[in-house]
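The values are calculated or read from the model by the stated rules, or taken from the named source; none is laboratory data. This one's a predicted model, so the numbers in the text were calculated from it and none came from an experiment. Cβ placement follows ideal geometry from the backbone for every residue including glycine, while neighbour counts extend to all protein chains displayed.
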């Protein structure tokens, strides 16, 4: 299959302890790290009406924040832009609250129900930013990051730019024994265009077992760190035969 060229025109990321680009650059260089102290903190999103933002989850607030900041630097960018939203578990804390209500035989909140679906962020982005372009909302377990990138690059074949957002929030307490891997709330937005700076290719060469990394550790954060440091010419994600190279 032919390689797919693309460029990351702009990016923005947010997590409770890493709120600026400088914070993330320090993190990429191992000068800052995550902790559990502020895991429930959400960003300020003053561009959303107060009555509306009070109902939003941490995941939605983080996602809207990175979208806003990513597009702020590019006023000339068409705001009516195709987008891809990806999250491994989506609004699972909202869903967990609904399940608790059912267990307690309580009446379900209509707002809680409408904001618990996997495309909550995509729908709100369309409304708040007045974006009528198409969007995709997806989840692919440990393959979520690379699947989302493939989807975005597919859209990029027929449009100038695509907005890619990848986000997840902290694991609900009850699920932490079932999902023991590190849970870090974060959101990342990438504004992509089709300039040939990076290339996604399919590499079927086998990887020695000593080089394999647990699938739970390959995330959008790994890709972001590689992008920020640019120390290696290539990044191999999950699935392992997908490789990103600098052109």
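Among the residues of region 39-53, those identified as surrounded by 13 or more Cβ atoms within 10 Å (Cβ to Cβ), closer than 17 Å to residue 186 by Cα and out of contact with any strand residue (DSSP E or B) (no Cβ under 7 Å at 6 or more places or on another chain) are 39, 41, 42, 45. Every residue in region 19-51 that is touching a residue at least 24 places away in the same chain (Cβ under 8 Å) and not in a loop (DSSP other than H, G, I, E, B), please. Within region 19-51, 24, 25, 27, 28 qualify. Filtering 159, 147, 136 for residues that are touching a residue at least 12 places away in the same chain (Cβ under 8 Å) and part of a loop (DSSP other than H, G, I, E, B) leaves a single hit, 159.
Residues are listed down the side, and each one gets a yes or a no for (1) farther than 26 Å from residue 189 by Cα; (2) crowded, with 19+ Cβ neighbours inside 10 Å; (3) at pLDDT 75 or above:
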| residue | (1), (2), (3) |
| --- | --- |
| 87 | no, yes, yes |
| 100 | yes, no, no |
| 103 | yes, no, no |
| 110 | yes, no, no |
| 114 | no, no, no |
| 126 | no, no, yes |
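Across region 213-247, the number of residues qualifying as out of contact with any helix residue (DSSP H, G or I) (no Cβ under 8 Å at 6 or more places or on another chain), part of a loop (DSSP other than H, G, I, E, B) and either surrounded by fewer than 11 Cβ atoms within 10 Å (Cβ to Cβ) or at pLDDT 60 or above (or both) comes to 7.
Of all residues assigned to region 194-210, none qualifies as being under 30 Å from residue 57 (Cα atoms), in contact with a helix residue (DSSP H, G or I) (Cβ under 6 Å, 6 or more places away or on another chain), at pLDDT 90 or above and surrounded by 13 or more Cβ atoms within 10 Å (Cβ to Cβ). Could you list, in sequence order, all residues of region 17-33 that are in contact with a helix residue (DSSP H, G or I) (Cβ under 8 Å, 6 or more places away or on another chain) and within 18 Å of residue 170 (Cα to Cα)? Hits for region 17-33 are 17, 18, 33.
Residues in region 72-85 that are farther than 14 Å from residue 126 by Cβ, at pLDDT 70 or above and either part of a helix (DSSP H, G or I) or out of contact with any strand residue (DSSP E or B) (no Cβ under 9 Å at 6 or more places or on another chain) (or both): 72 only. For region 3-14, the count of residues that are out of contact with any strand residue (DSSP E or B) (no Cβ under 6 Å at 6 or more places or on another chain) and in a loop (DSSP other than H, G, I, E, B) is zero.
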